[in-house]
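Everything below concerns the one structure shown next.
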Amino acid sequence: MNLDETDRRILRVLQRRGRMSNADLSEAVHLSASACHRRVQRLEADGYIRDYVALLDTRRIGLPTTVFVEITLLRQADEVLEAFETAVARIPDVLECHLMAGTADYILKVVAEDTDDFARIHRQYLTRLPGVAQMQSSFALRTVCQTTALPV
């Protein structure tokens, strides 16, 4: 399915204001409520809209520290990659894990209460990940910009 401009308007609005009624959405994208509802259902069914979530404030939740962890594996055999990916997916403090091209094999985005909490996460989880040869952590000092909205 190709996205037309109306589909793109719907996706842009939903990405920024996902918690809204169909009536408000239809008004924002200049469609009738029934036509808007049909399009949203189609976008959901076709997988363009994957999920609806609430984005939480990390500071209010008590997890203001963001750490990016670069991980290099001992080797890149399929079984090593699979074992690592299975294990890292079980760590509750890891928000993102990306297989990389470049110097690191993976980059993790980890949230923590503070440096002591990150030390706990490091000791309890990260040092036990299978196949790790090297790990380097970088603490974010400040978030300059952050969005979940894709440019559609």
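Assorted remarks:
- Residue 28 out of contact with any Gly (no Cβ under 8 Å at 6 or more places or on another chain), without any contact (Cβ under 8 Å) to a residue 40 or more places away in the chain and over 19 Å from residue 108 (Cβ atoms): yes
- Criterion (within 25 Å of residue 130 (Cα to Cα) and not aliphatic (A, V, I, L, M)) met by exactly one of 57, 105: 105
- Criterion: small (Gly, Ala, Ser) and assigned by TED's automatic domain parsing to the domain that holds residue 127 - qualifying residue of 35, 83, 28: 83
- Comparison of 151, 130 shows that the only residue that is closer than 26 Å to residue 53 by Cα and surrounded by fewer than 17 Cβ atoms within 10 Å (Cβ to Cβ) is 151.
- Among the residues of the range 99-118, those that are outside any strand (DSSP E or B), free of Cβ contacts under 8 Å to residues at least 40 places away in the same chain and surrounded by 12 or more Cβ atoms within 10 Å (Cβ to Cβ) comprise 100, 104, 105.
- For the criterion of being surrounded by fewer than 12 Cβ atoms within 10 Å (Cβ to Cβ) and not aliphatic (A, V, I, L, M), residue 65 fails.
- Going through (1) surrounded by fewer than 16 Cβ atoms within 10 Å (Cβ to Cβ); (2) out of contact with any Leu (no Cβ under 8 Å at 6 or more places or on another chain) one by one, residue 96 falls short only on (2).
- Within the range 31-58, tally of residues that are in contact (Cβ under 8 Å) with a residue 24 or more places away in the chain and either more than 17 Å from the chain's Cα centre (by Cα) or surrounded by 11 or more Cβ atoms within 10 Å (Cβ to Cβ) (or both): 10
- Residues in the range 82-92 that are in contact (Cβ under 8 Å) with a residue 12 or more places away in the chain, in a helix (DSSP H, G or I) and either more than 12 Å from residue 132 (Cβ to Cβ) or among the acidic types (Asp, Glu) (or both): 85 alone.
The values are calculated or read from the model by the stated rules, or taken from the named source; none is laboratory data. As the structure is a prediction and not an experimental result, all values here were calculated from the model. Here the Cβ is made from the backbone with ideal geometry for all residues, glycine too, and neighbour counts use every protein chain on show.
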